[in-house]
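The values are calculated or read from the model by the stated rules, or taken from the named source; none is laboratory data. Just so we're clear, the structure is a prediction, and the values are computed from it rather than from any experiment. As a convention, Cβ positions derive from the backbone with ideal geometry for all residues, glycine included, and neighbour counts pool all protein chains shown.
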Amino acid sequence: MSYEAFAEYYDALMSDVDYDARVSYLDRLIRSVKPAAKLLVDLACGTGSLTVKLAAKGYDVIGTDISEEMLTRAREKSDGSILFLCQSLQELDMYGTIDAFVCTLDSLNHLPDRGEVVRALERVALFLEPDGVFVFDMNTLYKHERVLGDNCFVYENEQVLCVWQNENAGCGKVHIALDFFEEQADGRYERYTEDFDETAYSLTETEEMLRQAGLRLLNVYDDMTFDPPREDSQRLVFVAVKAGDTTEGRE
């Protein structure tokens, strides 16, 4: 996936995300494990909306993303204090160890298969401080099978009309096709297309992938809460530490 067209319209399509609330939530999760966390990496940071708010929260933030188009928009939002690096999750390369990693809004679901997820988790484990924390979220099997499924959604705002078509490919995988229609000055509509797959995993599979990568699951919550997962949870939030870290969950 190039993300070129997606980068153009990403912020418009994500306008309903309460980034302030999500940053407060992430901060509480991070501080519950590592109260003095300072250096933070926002993985797959996209256009940087969350990244800049994490920096405003007091963290020294690095943002990474595979899309240079996304990062161009992220840099425009920053005051220059944030380092943005064009890196894939599987090829993450930091200059030293990191207090906290976050990876939000289903980014890990975009990786093509379980092996690639483990590769990404291994890179996080490699650069995570021994007492550091990794907070990430993932779409659930329930969402992929019952909500996305073979359904089609239409989003429209002043900037663009987006037609979102899903195809359930089985085994937790959904093929997603996004068609963007932008009105031109002469009244014609220009069409741009992105398509990609997302794969969801069971809680047991996710915990096993963390174990393979040298990480340990500390807590898992229904999204934006401190409640345990439900059968109909659409997104789960995971809190992980390095294997061997004796930190106990505090929430």
**Study point:** Single condition ASP197 does not satisfy, out of (1) within 29 Å of GLY132 (Cβ to Cβ); (2) in contact with a Lys or Arg (Cβ under 8 Å, 6 or more places away or on another chain); (3) touching a residue at least 60 places away in the same chain (Cβ under 8 Å)
**Key:** (1)
Review point. For VAL17, all conditions in the list (1) surrounded by fewer than 19 Cβ atoms within 10 Å (Cβ to Cβ); (2) within 30 Å of THR193 (Cα to Cα); (3) of a type outside the set (S, T, N, Q); (4) modelled with pLDDT of 95 or more hold save one; what is the number of the exception?
Key: (4)
**Study point:** strands (runs of 3 or more DSSP E) (entirely within the range 150-251) containing at least 3 residues that are among the aromatic types (Phe, Trp, Tyr) and surrounded by fewer than 16 Cβ atoms within 10 Å (Cβ to Cβ)
**Key:** none
Point to revise | Residues of the range 94-118 satisfying the condition of being hydrophobic (A, V, I, L, M, F, W, C) and over 21 Å from LEU83 (Cβ atoms) | key: LEU108, LEU111, VAL117, VAL118
Review point. Can you find even one residue in the range 47-54 that is touching a strand residue (DSSP E or B) at 6+ places or on another chain (Cβ under 7 Å), of a type outside the set (Asp, Glu) and free of Cβ contacts under 8 Å to residues at least 40 places away in the same chain?
Key: yes
Practice item. Could you figure out which of (1) assigned to a strand (DSSP E or B); (2) under 19 Å from GLU207 (Cβ atoms) isn't true of VAL118? Key: (1)
Check your understanding: Exactly one of (1) in the same structural domain as TYR25 (by TED's automatic domain parsing); (2) more than 21 Å from the chain's Cα centre (by Cα); (3) not aromatic (Phe, Trp, Tyr) is unmet by ARG191. Its number?
Key -> (1)
Exercise for review: Considering (1) outside the structural domain of VAL41 (by TED's automatic domain parsing); (2) in a strand (DSSP E or B), say which one VAL133 fails and leave the rest.
Suggested key: (1)
Review point. Looking only at the range 99-152, which residues are of a type in the set (Gly, Ala, Ser) and over 16 Å from the mean Cα position of the chain (by Cα)?
Key: GLY115, ALA125, GLY132, GLY149
